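Here's the structure, in structure tokens; my notes come after.
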């Protein structure tokens, strides 16, 4: 077979993302603080970008200012060199609310500090999150929930295996027997050995060594996780001689293990690098201040959407760029053109980001109007595709713009991701949002008798009565665990 060279023409299409488009996409998913940092960094690096200090409420709109027309034309001309931007996001019509957000005064109750706090994870919630992501069975997860509920603030287990097995038996009996709490003979009875199996799995969660019963056990778990358990001397020092080490009784240890002081010091350095109180770093729940990106409140029967632009610099192209290329070398001109193009794209990207955020929030308000009027009990099922189809955008863009963004509503501050939830079928064929179900579960538990807490089965019956939704006991348990609410036996044990 002869070898020969041939030339062929092949027509193909491929998507190439320009650096400007990548920047625009990246700005979509930045939080307010990250966005401000990015803009401030660009202000320091780009000499053609400047922040204009002015009071928008005392100036005419941007399109009415003659001096703004030239610079707007300039960066529009620079941005027009690539059509990727419009292909990706399209053009959105601006609204009076988004053009002049400072013309409206946010009510006092919408900006109160108390509504802008978000709790940081506690040790219990951190472990529950890992438990739900583990490969344990449903029965083992119930035991894990009991174990996590019996931890001290420093992460040590405060109940015996037998006590926790008895709690699990009582919990399962209550779930199967309904309000009477009569145990069903078919229910698998957990044993202390079953509890210990789950306990060993939890002890390897982050932080490693949590749920230990003694300081020796806590340190030995960490030693094994680090692979140091092959050194029997180290294991024996931790298991049998922690008190001697604490009291600096080194001479008997040197004789027993035939060590010199330098070798013993190496072992001490390893032991001191371990954490004898793995849960202490979490402490109690600490509130974190959240600054909303958008405000939504009701005025004369209609919802008004205001973008929060406090702290965001008002960017313009520096007028000095007009004469920058005069008497400049080719390399300098290339540098000037690059910086001008970068500044123009940043201004346009920021403008389009705010437009996109406004459109997404406007669509969310339209789809979740019941929530904004009456609260979470009127929450409707909503997915990213619903919003994307409504405003003619891609789902990935909606996902980016709703990441790390918060909206202030008449019922508190929520992350935009909160408004997307799955659906549950009702008896009449309609649907209800999962967040409404969670809210009712939380309300039922908050109003229950502490001496006779509601079982998951009973909560399912209440949901059937109020929402006309058929929900299994395990689904109730899943939603309850997602809200970090303990089981009925643990809620009763607290009193």
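A few remarks follow.
- Some residue of region 93-114 being modelled with pLDDT of 85 or more and buried (at least 16 other Cβ atoms within 10 Å of the Cβ): no
- From 152, 135, residue being assigned by TED's automatic domain parsing to the domain that holds residue 214, under 25 Å from the mean Cα position of the chain (by Cα) and modelled with pLDDT of 85 or more: 135
- Flag if residue 433 is surrounded by fewer than 19 Cβ atoms within 10 Å (Cβ to Cβ) and modelled with pLDDT under 85: no
- Residue 385 being modelled with pLDDT under 85 and either assigned to a helix (DSSP H, G or I) or touching a strand residue (DSSP E or B) at 6+ places or on another chain (Cβ under 7 Å) (or both): no
The values are calculated or read from the model by the stated rules, or taken from the named source; none is laboratory data. Remember, predicted model here, so these are calculated numbers, not experimental data. Neighbour counts are summed over all protein chains in view; Cβ atoms, including those assigned to glycine, are modelled from backbone coordinates with ideal geometry.
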